[in-house]
1. Give the carbon-plus-sulfur fraction of the accessible surface of the range 37-97 in %, rounded to a whole number; probe 1.4 Å, heavy atoms of protein chains only.
2. Keeping all protein chains in place, calculate the accessible area per residue for the range 1-143 (probe 1.4 angstrom), answer in Å².
3. For the range 22-150, what ratio Rg/Rh do Cα atoms give with a Kirkwood hydrodynamic radius?
4. What full-extension length gain, to one decimal in nm, is calculated for Ala27 and Tyr108 as 0.36 nm per residue of separation minus the Cα-Cα distance?
5. Full extension from Asn168 to Ser66: what is 0.36 nm times the residue separation minus their Cα-Cα distance, to one decimal in nm?
6. Taking 7 Å along the Cα-to-C-beta vector as the label spot, tell me the Glu124-Ser145 distance in nanometres, rounded to one decimal.
7. Efficiency by 1/(1 + (r/R0)^6): what FRET value for Leu20 and Trp117, r their Cβ-Cβ distance, R0 = 22 Å, to the nearest 0.05?
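The values are calculated or read from the model by the stated rules, or taken from the named source; none is laboratory data. Everything numeric in this text was worked out from a predicted model, so none of it was measured. Using ideal geometry, Cβ is built from the backbone for each residue, glycine included, and neighbour counts are taken over all protein chains shown. The area values use the complete protein model at the heavy-atom level, side chains included, leaving out ligands, DNA and RNA. Shrake-Rupley method; radii C 1.70, N 1.55, O 1.52, S 1.80 Å.
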Amino acid sequence: MNKLATLNDHYALYVDGSCLENRDVSATTPAAWSLVIVNGDNGLGKGSGEILEETWGPVITDSSDSAFIGAKVGSNNTAELTAIAEALRWLLIEGGNRPAIIHTDSQYAGNLATGNWKAKANKELVAMVQKLWREVSALRELNWSHVRAHRGHRWNERADHLANRCVNNQAPICLLYTSPSPRDKRQSRMPSSA
């Protein structure tokens, strides 16, 4: 993956997927995706940058639905792939040529999206995601990056929150609070001099 020169010269798109029951999945298994677009992100996960947009939704498994892109079942994998597809769609609609990095905690989805791995399942969905990847990468520099899940990375945790709330039919909690740094915690325990 190429390193991009400055924090503000690219879009950072954080994606995630969630599924309630990830065994014996079917077309009726609830699954959801999320996308967080960040400007000014340095990729370290400490919260640099600001959110430009957030979006989320269910994985569509009904082929008669106009939003269907190939997911035959609701699963964590189809949710992760759908999240990447939604990120790519956002980049196409945005229409510019600004470089972009899609950050995902799914090696599976990232490697399938770029064609590094061959699909053994979810072939129709993977084909759509790869088609979108080719379209976007013809218009702008496009890379992906693996983010370790559930390790406190601010934007990955936000994407995880949105996907989990969606799959549970709950509204997301507004992102206003950021946890204090360890230094802030130490200072708050110090006795006052008054």
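1. Taking all protein chains in place, the range 37-97 shows 45 percent carbon and sulfur surface.
2. On the way: 6820 Å² over 143 residues.
Value returned for the range 1-143: 48 Å² of accessible area per residue.
3. A ratio of 0.95.
4. In short, 27.1 nm is gained.
5. Roughly 34.4 nm would be gained on extension.
6. Computed distance between label sites Glu124 and Ser145 equals 3.5 nm.
7. On the way: r = 26 Å, r/R0 = 1.17.
Approximately 0.30, to the nearest 0.05.
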